[in-house]
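Please read the structure below before turning to the comments.
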Amino acid sequence: MKLLRTLAFAGLALGLAALQPAVAQEKKTITIGATAGPNYDQVKLGIKPVLEKKGYTVKLVEFNDYVQPNIALAQGSLDANVFQHLVYLRKFAADKGLDLVDVAQVPVAPMGLYTKQRKSLADVREGDRITMANDPSNLARALFFLQQNGLIKVKADIDPLKATEKDVAENPHKLKLTPIEAAQVPRTLDDAAYAVVNGNFAIASGLKLSAALALEKTPEHYLNVVAVRAADKDSAITREIVAAFHSPEYKAVIDQHFQGYARPAYLQ
């Protein structure tokens, strides 16, 4: 009988030991990617501390383009990324065959029209060069932004999410519309008359929102989103990340450091 009890206890001990690796393997590190500037800073100041208080180790990865963050996410190097609006995410994922989804909206610095060569839009000259992002969704966005400011007119029957410089119907000043890689647009201000700069890259390059000749009234579909792999949409890690973005601590950071940003409803 004593031998049986000894064997039973030994079996229980072995069973508990077998459970230990499963507990140890519980994921406690969260890796989030973001583009340089306000997107990265929002995560660093407002999200990382919230997750760390819950016992997670948080690694942040900074990117300087609009391609690698989604590739890294799809390949599993990131648990989430924060840098893009929904229009861009859906098009990029479709074009590249990536199974990525959005799980939360976040504030975004508005697109702005900047210049070092002119004092105002009234000083526009024939043949002036205007630079803007060349990725399809932000190019279309920039063209309609220029239209809103009276510089060009886009063809009436063009989808506002798909317009290119070839879809400009009226260009009375014969402006030279020059799409380039988004992160490089701020650098063109030394030689281009005007530049349409995405908010995150404007701030990352030292431009102030208040220095823009005009700022976009950002539509909701151009608010930035938190993206994850579709397979992880309902995971515990994703729920923790989304909860951090909805936390009062995150809102306090936005209120203090990111004034003038377009915000989703839950942060109003």
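Of the listed residues TYR266, TYR261, the order by accessible area with a 1.4 Å probe, largest first, is TYR266, TYR261. Size descriptors for the chain, from the alpha-carbon set: Rg then Dmax equal 23.7, 101 Å. Pairwise Cα distances in segment 141-243 exceed 24 Å in 38 percent of cases. Annotation for HIS257 and LYS208: the two label points, set 7 Å from Cα along the Cα-Cβ direction, are 1.9 nm apart.
The alpha-carbon atoms of segment 20-91, seen along their principal axes, cover 43, 26, 18 angstrom, with the largest extent given first. Say R0 is 41 Å: what FRET efficiency, to the nearest 0.05, do GLN148 and LYS28 get from their beta-carbon distance? My answer for the efficiency is 0.30.
Annotation for ASP65 and GLU240: the two label points, set 7 Å from Cα along the Cα-Cβ direction, are 3.1 nm apart. Rg then Dmax, both in Å and based on the Cα atoms of segment 39-78: 11.4, 31. Treating cross-link reach as a plain straight distance, find the lysines whose alpha-carbon is under 22 Å from the alpha-carbon of LYS54, omitting any fewer than eight places away in the same chain. Output for LYS54: LYS27, LYS28, LYS44, LYS233, LYS251. For segment 106-173, the carbon plus sulfur part of the accessible surface works out to 46%, probe radius 1.4 Å. Annotation: per residue accessible area for segment 117-244 equals 48 Å², rounded to a whole number [probe 1.4 Å, protein chains only]. Please check the chain for the longest run free of GluC sites (Glu not before Pro) that are loop-located per DSSP (anything but H, G, I, E, B) and have at most 11 other Cβ atoms within 10 Å. Excluding the exposed sites themselves, the longest stretch runs over 127-268.
With each label modelled as a point 7 angstrom along the Cα→C-beta vector, the LYS54-GLN268 pair spans 2.6 nm. Compared with the alpha-carbon gap, the fully stretched path from LYS166 to GLU181 is longer by 3.6 nm at 0.36 nm per residue.
The values are calculated or read from the model by the stated rules, or taken from the named source; none is laboratory data. Computed from a predicted structure; not experimentally measured. Using ideal geometry, Cβ is built from the backbone for each residue, glycine included, and neighbour counts are taken over all protein chains shown. Note: areas computed on protein heavy atoms with side chains; ligands, DNA, RNA excluded. Shrake-Rupley method; radii C 1.70, N 1.55, O 1.52, S 1.80 Å.
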